[in-house]
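The structure under discussion appears below in the form of structure tokens.
The values are calculated or read from the model by the stated rules, or taken from the named source; none is laboratory data. Computed from a predicted model, the values in this text were never measured in an experiment. Backbone-built Cβ (ideal geometry, glycine too); neighbour counts: all protein chains shown.
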Amino acid sequence: MFIRNSIKKIGLFAAAGLCIVLGSCSEENLDTPPGGNPDAAGLSGLIHMASPEDYTSENHIIMLQDDEPESIFLDPAQRSFDSRRPVQVSVTGNRELQLRAYSPRRIRDLKVWASIEGYPDEFLLARFDIVPPFLEFRTAIPFVSADKEYTTAAGKTILILKNPHLGPDDLSLRIECEDPYYKKFAAIKTTWSISFSNFEYPNHPYWLAMNPAHCREAVAMSLNMAYLFSTQEYQDSLRVNDRRFIDNALNALSAETLLSQSLTRPSFAWGTLHIQGGLGGGGTLGLQDVCFLGHYADDVSDNMALFHEFGHGMGYGHGMGYGHGSNTVISESGGKYSWRQMCQSIYLRQSLAKELPVYSRRFMHSRRNHYDQWSDNRLAYFGAAGRYYRGRHVIEDPELDELDGGLSGGTDFLATDNGGDTGDALRFRLDYATAGVAQRDYAPRDIYVYGDLLYVANDMRPADYSLDVFDLSTGSPKLLKRITAWKDPQSGADVTLGKPTGIFRSYDKIYLSGSGSRVYVFDAETYECLNFLTPAGGAFSVAVGEGVVYSILDAVRAMPEHLVTSQHIGNVPTLATSAKWSRSEDNTLARDHRGEVYAVVNGPRKIMRMDRSLLMSGRLDIARELTFDHAPQGVCFADDGRMFVSFGNASSVRFARVDPESGEVLEDLTKIGDIEFKNPQKCLIRRNTLFVVDRLPDFCVYAIPLKDLE
């Protein structure tokens with residue numbers, strides 16, 4: 001959990017839904033004045049929250065955060081709201097101004113006007129340049145303790161005399177805000193009062209304990225439904241389908257009846273279930289974990305259960321019409337159009353048009369947050385549902401980019417590690433003799449060079465698989481360490497190295513793919529196994545660029561590098577997956593000096609540069625695709641943009657410089673000086689040196705200064 005006593009960046013306000021706890025105050029210390037009054041010593045009484053620094057632990061908390069106890073978030077007296085007025089202002093019994101914002105989005109330039117009996121003019125009591133999501137704010141009303149001056153709507157200055165006996169009913173408050181997002185609330189016509197409940201948990205087999213994360217998402221769904229039902233589009237859709245929908249007794253329903261029922265449903269409480277779908281009726285609206293996450297258009301865009309259960313709350317059940325033509329809210333029996341389907345379609349369209357108040361999963365990133373802030377408590381919130389899914393649609397928006405850093409990865413992602421790429425060019429031939437093993441026991445499969453260290457994955461035979469580390473500081477490789485087994489970081493059991501197929505280093509971690517269909521992660525200093533990644537189906541090759549760990553099997557999968565820590569053993573999420581190709585151990589990955597990652601796919605004879613621009617929507621697309629006459633085995637890039645491709649022994653041109661735009665062979669480099677490649681596989685350019693793994697006839701690694709290719 002992050003705890004901040006002051007907020008340094010406005011961007012964090014927008015990200016409050018990401019479970020960043022802004023301030024560490026409790027309900028009790030909110031009673032402590034002052035706060036937000038920059039001129040407390042003078043006559044001006046305006047409460048002005050003009051900057052992030054004005055929010056302190058003395059005057060605010062963020063509601064519905066992960067550490068908020070049930071005694072607070074399940075108490076309707078402390079956590080409930082009217083769907084028409086999600087921002088609440090009041091005077092407390094302690095003569096404080098209190099503001100609560102049941103909003104997953106920040107609100108700009110909100111003003112609180114006040115009027116007191118005996119004073120003819122309304123005056124500006126408070127101004128909030130930014131209201132953070134889920135803000136609960138309290139501060140002493142300045143004129144309780146001293147005479148204070150205020151400005152009226154007409155621009156006059158009036159003096160409000162000290163009133164130590166001010167009561168909650170003595171001050172009338174009104175909110176004014178021109179923020180387009182806030183103005184959506186003014187259009188809401190529903191009369192719902194919304195709260196949260198554990199219902200019959202743990203004494204009922206269906207219910208689960210409600211958590212603050214569920215509550216935050218329930219606020220978003222409540223605002224979205226309330227807004228949708230209040231729109232002209234919804235009313236027009238009902239009228240187009242007038243008397244098309246039927247009740248439990250199969251009587252036709254008028255548009256006006258359904259409109260009234262959806263707008264005037266009595267108060268209800270949200271709950272959480274472990275059964276598929278949900279439970280609804282009366283004052284209950286319970287949904288399964290995944291339903292709290294998937295309703296967004298840029299998630300899986302499945303809001304069926306939401307409208308299904310809301311319809312039960314309007315009084316419609318499965319009833320006698322089920323299976324016999326009922327098409328109100330619970331069935332499409334006989335292929336007939338349902339009210340539920342109508343609402344689902346409107347919800348999707350208004351999400352994509354950014355009309356709904358909370359139209360994107362990125363406002364709260366509940367799926368992403370499931371992993372960013374790791375704790376046993378949070379693991380119980382969404383379980384497997386918390387994993388990122390490929391969004392059905394992509395929603396791009398500058399406000400969202402400001403909040404999370406953008407769809408390409410966001411502010412949490414690490415920069416590409418180009419370190420360890422300095423030093424004199426090298427020239428050597430690394431074979432079994434240099435490696436210090438018998439000829440029959442050595443076959444380099446993949447390599448990586450980081451500074452004065454060369455990492456080699458050796459895949460000759462099961463009894464002799466190894467990860468070898470060589471010292472290059474003298475210009476010739478000297479074996480430092482051979483890893484054949486380690487302690488599993490999760491179970492503590494001894495693990496024997498399976499067939500290693502890929503090797504990469506970024507920052508202080510070594511990534512080894514292939515063994516046990518995993519990517520094992522080692523400390524680059526101690527060689528202790530820290531973690532393992534489990535991309536679906538396994539991993540034949542691994543590369544790291546722009547803060548993302550990529551693996552390939554039949555598809556490329558992307559995992560966030562910053563989450564590869566000892567706290568996330570075996571549980572680093574797959575954020576995005578490419579299209580699938582034929583599964584092959586010859587499918588490999590490579591990275592250029594800019595951090596761009598390339599997939600070398602053997603079957604269709606392609607090299608593809610991956611496009612990570614929509615990574616956080618679950619998409620890993622192809623930015624550029626080159627197709628060759630023969631299956632490529634490896635690719636590497638010089639800093640000046642030259643592209644080199646190895647083709648194994650399937651062609652007379654076994655290694656070549658190719659045009660990075662067309663894939664045309666520009667220069668046959670099968671023979672460089674006195675070196676002739678027989679079966680070149682993986683290749684790499686580091687330290688102004690071309691490294692090539694040649695697997696015939698003797699299995700070796702060549703190091704060739706790049707100047708030899710000029």
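Summary of computed values
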read-out: Qualifying residue in the range 415-426 (condition: outside the structural domain of ALA536 (by TED's automatic domain parsing) and out of contact with any Lys or Arg (no Cβ under 9 Å at 6 or more places or on another chain)); value: yes
read-out: Residues located in the range 171-206, provided they are assigned to a strand (DSSP E or B) and touching a Lys or Arg at 6+ places or on another chain (Cβ under 8 Å); value: ILE175, GLU176, CYS177, SER195, PHE196
read-out: Hits in the range 93-106 - residues which are touching a helix residue (DSSP H, G or I) at 6+ places or on another chain (Cβ under 6 Å), crowded, with 20+ Cβ neighbours inside 10 Å and farther than 21 Å from SER193 by Cβ; value: ARG95, ARG105, ARG106
read-out: Residue list for the range 470-499, filter: buried (at least 19 other Cβ atoms within 10 Å of the Cβ) and under 24 Å from THR689 (Cα atoms); value: PHE470, LEU472, PRO477
read-out: Filter result (exposed (fewer than 12 other Cβ atoms within 10 Å of the Cβ) and in a strand (DSSP E or B)) within the range 130-170; value: THR157
read-out: Residue that is farthest from SER613 (Cα to Cα) [pool: residues in the range 392-449 that are acidic (Asp, Glu) and not in a loop (DSSP other than H, G, I, E, B)]; value: ASP441
read-out: Near pairs, Cβ below 6 angstrom, 6+ apart or cross-chain, from the range 636-661 (closer than 18 Å to ARG686 by Cα) to any residue that is surrounded by fewer than 16 Cβ atoms within 10 Å (Cβ to Cβ); value: ALA656/ASP668; ARG657/LEU666; ARG657/GLU667
read-out: Hits in the range 616-633 (condition: aliphatic (A, V, I, L, M) and not in a loop (DSSP other than H, G, I, E, B)); value: MET616, ILE622, ALA623, LEU626
read-out: Considering residues of the range 66-119 that are aromatic (Phe, Trp, Tyr) and part of a loop (DSSP other than H, G, I, E, B) only, the residue nearest to HIS214 (Cα to Cα); value: TYR102
read-out: Residue ID - farthest from LEU43 (Cα to Cα), chosen from residues in the range 145-159 that are within 45 Å of the chain's Cα centre (by Cα) and without any contact (Cβ under 8 Å) to a residue 60 or more places away in the chain; value: ALA153
read-out: Residue ID - surrounded by the most Cβ atoms within 10 Å (Cβ to Cβ), chosen from residues in the range 182-218 that are touching a strand residue (DSSP E or B) at 6+ places or on another chain (Cβ under 8 Å) and aliphatic (A, V, I, L, M); value: ILE194
read-out: Failed condition for TYR527, given (1) of a type in the set (Ser, Thr, Tyr); (2) closer than 29 Å to TYR442 by Cβ; (3) under 25 Å from the mean Cα position of the chain (by Cα); (4) assigned to a loop (DSSP other than H, G, I, E, B); value: (3)
read-out: Selection within the range 380-391 - in contact (Cβ under 8 Å) with a residue 40 or more places away in the chain, at negative phi and either hydroxyl-bearing (Ser, Thr, Tyr) or in a helix (DSSP H, G or I) (or both); value: ALA380, TYR381, PHE382, ALA385, GLY386, TYR388, TYR389
read-out: ASP708 being in a helix (DSSP H, G or I), more than 35 Å from the chain's Cα centre (by Cα) and either assigned by TED's automatic domain parsing to the domain that holds LEU453 or within 17 Å of LEU426 (Cβ to Cβ) (or both); value: yes
read-out: Qualifying positions in the range 664-694 - closer than 20 Å to TYR432 by Cβ and touching a Pro at 6+ places or on another chain (Cβ under 9 Å); value: LYS678, ASN679, GLN681, LYS682, VAL692, VAL693, ASP694
read-out: Search result, residues across the range 554-586 that are crowded, with 23+ Cβ neighbours inside 10 Å and either in contact with a Cys (Cβ under 6 Å, 6 or more places away or on another chain) or more than 19 Å from GLY410 (Cβ to Cβ) (or both); value: VAL556
read-out: Filter pass, LEU690 being in contact with a strand residue (DSSP E or B) (Cβ under 9 Å, 6 or more places away or on another chain), at pLDDT 95 or above and under 19 Å from ARG594 (Cβ atoms); value: yes
read-out: Sole residue being within 17 Å of ARG340 (Cβ to Cβ), in contact (Cβ under 8 Å) with a residue 40 or more places away in the chain, in contact with a strand residue (DSSP E or B) (Cβ under 7 Å, 6 or more places away or on another chain) and not assigned by TED's automatic domain parsing to the domain that holds ASP82, chosen from LEU273, LEU279; value: LEU279
read-out: Which listed residue is in a strand (DSSP E or B), closer than 18 Å to ASP417 by Cβ, assigned by TED's automatic domain parsing to the domain that holds THR689 and within 17 Å of the chain's Cα centre (by Cα), from ALA558, ALA543; value: ALA558
read-out: Count of residues meeting criterion [charged (D, E, K, R) and either assigned by TED's automatic domain parsing to the domain that holds LEU563 or at pLDDT 90 or above (or both)] in the range 376-403; value: 6
read-out: Qualifying residue in the range 634-652 (condition: assigned to a strand (DSSP E or B) and surrounded by fewer than 19 Cβ atoms within 10 Å (Cβ to Cβ)); value: no
read-out: Residue that is surrounded by the fewest Cβ atoms within 10 Å (Cβ to Cβ), among those in the range 662-700 that are free of Cβ contacts under 8 Å to residues at least 12 places away in the same chain and assigned to a loop (DSSP other than H, G, I, E, B); value: ASP674
read-out: Filter result for LEU306 (closer than 18 Å to ALA226 by Cβ and at pLDDT 80 or above); value: yes
read-out: Every pair of residues 6+ apart whose Cβ atoms lie under 6 Å, when the first sits in the range 291-319 and is among the small types (Gly, Ala, Ser) while the second is in a helix (DSSP H, G or I) and surrounded by 23 or more Cβ atoms within 10 Å (Cβ to Cβ); value: ALA297/SER351; ALA305/CYS291
read-out: Output for the range 225-268, where each listed residue is touching a residue at least 12 places away in the same chain (Cβ under 8 Å), more than 19 Å from ILE188 (Cα to Cα) and aliphatic (A, V, I, L, M); value: ILE246, ALA249, LEU250, LEU253
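Residue-wise test of (1) assigned by TED's automatic domain parsing to the domain that holds VAL572; (2) of a type outside the set (Lys, Arg); (3) out of contact with any Asp or Glu (no Cβ under 7 Å at 6 or more places or on another chain); (4) modelled with pLDDT of 95 or more.
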site: THR434; (1), (2), (3), (4): yes, yes, yes, no
site: TYR442; (1), (2), (3), (4): yes, yes, yes, no
site: GLY451; (1), (2), (3), (4): yes, yes, yes, yes
site: LEU472; (1), (2), (3), (4): yes, yes, no, yes
site: ASP488; (1), (2), (3), (4): yes, yes, yes, no
site: ASP508; (1), (2), (3), (4): yes, yes, no, yes
site: GLY514; (1), (2), (3), (4): yes, yes, yes, no
site: GLU528; (1), (2), (3), (4): yes, yes, yes, yes
site: ASN531; (1), (2), (3), (4): yes, yes, yes, no
